[in-house]
Amino acid sequence: MGIFSFVSLALFAIGSAAIYVPYNYRKPYIETKRVNSFFEGKKWVVLVAASDGWNNYRHQADICHAYQVIRKNGIPKENIITMMVDDIANNPRNPTPGTIINQPNGTDVYKGVVIDYKGMDVNSKNFLKIITGDKKAMQSIGTGKVIEGGPHDKVFINFVDHGTTGILGFPDDFLYADELIDALKTMHASASYRMVLMYIEACKAGSLFDGLLSDNTGVLAVTASGPRENSFGCYCRSQSGLYKTCLGDLFSVTWMENWDAMVPESSKKKRTVFFDFNETRTNVTDSNVMVYGDFRTGHETLSSFVGNKNQNKKHHSAEPIMTKTNEPKNTLSSRIVHEYQLRQKLASLSSVPKRKNLSTQLSLNNEMRLIIDKALRKIYTAVAKARPEIISKAGDLFEPNHLQLSLDMFPCYRSILNKITESCFSLSQNPYALDRLTIFANFCVVDKHIHQMVEKFVDASCSDVDKSKIKNVI
């Protein structure tokens, strides 16, 4: 195990007392040694809001805000690739049609955003092709833009959505950790970057990198949460006003508001990734902001990835960016945002027919939850009966043990989840199920071939489930 892996494991594991980067990496104002402009390389930015629906308003708001930050910092449009379903700005529930905000009474962050991939084009396969520079495969999709990087280039990837153990969500499919790691290896092998910085906003985001991401390939991942915890929405409840949803995510809003508030510009040029991480981790108290990968990248200035205002004055952001507020942010676990919205709406309704209709929706959602839990419990019980020795290692369906993932367990994990989606209900379209998947990851950690048995139990356990009725269960 390399020194960087050892330090990362020892000081950034959930449950440790570590709050800051180790002392010998804590150098917040070291200017990166600059090479001449020819060899300095380009900056590439990939922004992804990988969800859909009004209840996930915050994800697209975060990414639109990030776009404004990047553009204001002088990175040209041609170097920014944006994936966003784009169903929020003109959503019938939007009280300010055609706009998106990322804080209460905030400026419109949607104005001027160039979206390269919308609607059904927002999926994991396209994302992987974009970051690995597969221009031929993307030439007839969206704008066709991909990262066309070289050995001196820097890449910033900002991904926002739901997640669970070893997985990031898209509207209709999943991105698994091994697929992301393989893509990063492809990028490294093809010398398409000098360094990569990833900011990942999702529940259990740390599980995609913990023990999986190499510490010597120039890639650093900063995550909103550790391997076994949820991330949090912010500007929720009363702070959202007429929007009646969370306006942002706590990790994303925190790092961007900190950046927006910084003056003078010279401070931004000197601010390292590690300094930003430390400040953000201190300010985000509902989850543990984590860091994984090659710590050398953490010494680079954040502006060397997201740009700085004076690097190219002919490029401007479409709107002024956010102001930092000292007011405490109302937060909600990302897992309960939608349900909270419905219950809040129910409490505010005076119309009896409307209250009855919404109560029916909540009751139906709870019924669907029970069906999901029953089916998954049947699968779990069948495995426990056939392989009782595995349960002590894997844990319970609702209280799984904390096991270290490995890249070679993902084919098994993916196979089981694909079978559940095929025979029971779509996992990607039912966010409630995401918190129930860790046990299947654990099965595969213990036995990488167990999927062959589990898949047989899936068919039997879901024989009475009407797949067409299990949709959008929260």
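The values are calculated or read from the model by the stated rules, or taken from the named source; none is laboratory data. Just so we're clear, the structure is a prediction, and the values are computed from it rather than from any experiment. No Cβ is skipped: glycine too gets one built from the backbone with ideal geometry, and neighbour counts run over all protein chains shown. Accessible surface is based on the protein model in full, side chains and every heavy atom, while ligands, DNA and RNA are left aside. Shrake-Rupley method; radii C 1.70, N 1.55, O 1.52, S 1.80 Å.
Straight-line reach from Lys448: which aspartates and glutamates fall under 12 Å, measuring Cα to Cα and dropping same-chain residues less than 8 apart?
Lys448 reaches Asp408.
Can you give me the C-alpha center-to-center distance between the range 139-162 and the range 359-403, rounded to a whole angstrom?
One Cα centre to the other: 38 Å.
With the Cα gyration tensor of the range 191-306 giving a ≥ b ≥ c as the square roots of its eigenvalues, does the rule (a/c under 1.5 for rounded; else a/b larger than b/c for prolate; else oblate) give rounded, prolate or oblate? Could you put the intermediate results ahead of the total?
Values: a/c = 2.38, a/b = 1.31, b/c = 1.81.
The shape class here is oblate.
Please give me the summed charge of the neighbours of Phe174: other residues whose Cβ is under 12 Å from its Cβ, Lys and Arg +1, Asp and Glu -1.
Net charge in that neighbourhood comes out at -3.
Please give the length that would be gained between Phe398 and Gln452 if that part of the chain were fully extended, namely 0.36 nm times their separation in residues minus their C-alpha to C-alpha distance (nm, one decimal). Walk me through the numbers before you get to the answer.
On the way: separation 54, 0.36 × 54 = 19.44 nm, distance 2.26 nm.
Extra length from Phe398 to Gln452 when fully extended: 17.2 nm.
What does the accessible area of Ser303 come to, in Å² to the nearest 10, when a probe of 1.4 Å is used?
About 10 Å², rounded to the nearest 10.
Solvent-accessible area per residue for the chain at a 1.4 Å probe radius, Å²? Let's see the in-between values first.
Working: 19590 Å² over 474 residues.
Here the per-residue accessible area is 41 Å².
Tell me the accessible surface of Arg281 in square angstrom (1.4 angstrom probe, heavy atoms of protein chains only), to the nearest ten.
Counting only protein heavy atoms, Arg281 exposes about 20 Å² to solvent.
Determine which lysines satisfy two conditions relative to Lys469: a Cα distance under 26 Å, and not lying fewer than 8 residues away in the same chain.
Those lysines meeting the cut-off are Lys345, Lys354, Lys356, Lys374, Lys378, Lys419, Lys456.
Out of (i) 21.8, 66; (ii) 22.1, 70; (iii) 24.8, 79, which label holds the value of Rg and Dmax of the Cα atoms in Å that was computed here?
Of the listed options (i) 21.8, 66; (ii) 22.1, 70; (iii) 24.8, 79, (ii) comes from this structure.
Treat each spin label as a single point 7 Å out from the Cα along the C-beta direction, and report the Ser348 to Ser190 distance in nm.
Inter-label distance under the simple model: 4.7 nm.
So how many Å³ per residue does the convex hull of the Cα atoms of the range 339-474 work out to? Display every interim value, and only then the final one.
Working: hull volume 14.6 nm³, N = 136.
Given the Cα convex hull of the range 339-474, per-residue volume reads 108 Å³.
Classify the range 126-214 from the C-alpha gyration tensor, please: rounded if a/c falls under 1.5, else prolate or oblate depending on whether a/b exceeds b/c.
Details: a/c = 2.00, a/b = 1.27, b/c = 1.57.
Note, shape of the range 126-214 comes out oblate.
Which FRET efficiency value, to the nearest 0.05, is calculated for Ser140 and Asp408 with the Förster distance at 25 angstrom and r the Cβ-Cβ distance?
Values: r = 35 Å, r/R0 = 1.39.
FRET efficiency, Ser140 to Asp408: 0.10.
Along the charge dipole of the chain, Cβ charges K/R +1 and D/E -1, which of Asn401, Ser240, Met368 sits furthest on the positive end?
The listed residue farthest towards the positive side: Ser240.
Name the GluC sites (Glu not before Pro) in the range 123-203 that are in a loop by DSSP and that have at most 15 other C-beta atoms within 10 Å, would you? List each step's numbers first, then the result.
Details: sites: Glu148, Glu179, Glu201; in loops: Glu148.
Counting only loop positions with at most 15 other Cβ atoms within 10 Å, the GluC sites (Glu not before Pro) in the range 123-203 are Glu148.
Using the Cα atoms of the range 391-439, I'd like the radius of gyration and the largest Cα-Cα distance, Dmax, both in angstrom.
Using the Cα atoms of the range 391-439, the pair Rg, Dmax is 11.6, 31 Å.
Based on Cβ point charges of +1 for Lys and Arg and -1 for Asp and Glu, what charge dipole magnitude is obtained for the range 189-281 about its Cα centre, in debye rounded to the nearest 20?
On the way: 10 positive and 10 negative charges, 15 e Å.
Dipole magnitude for the range 189-281 comes out near 60 debye.
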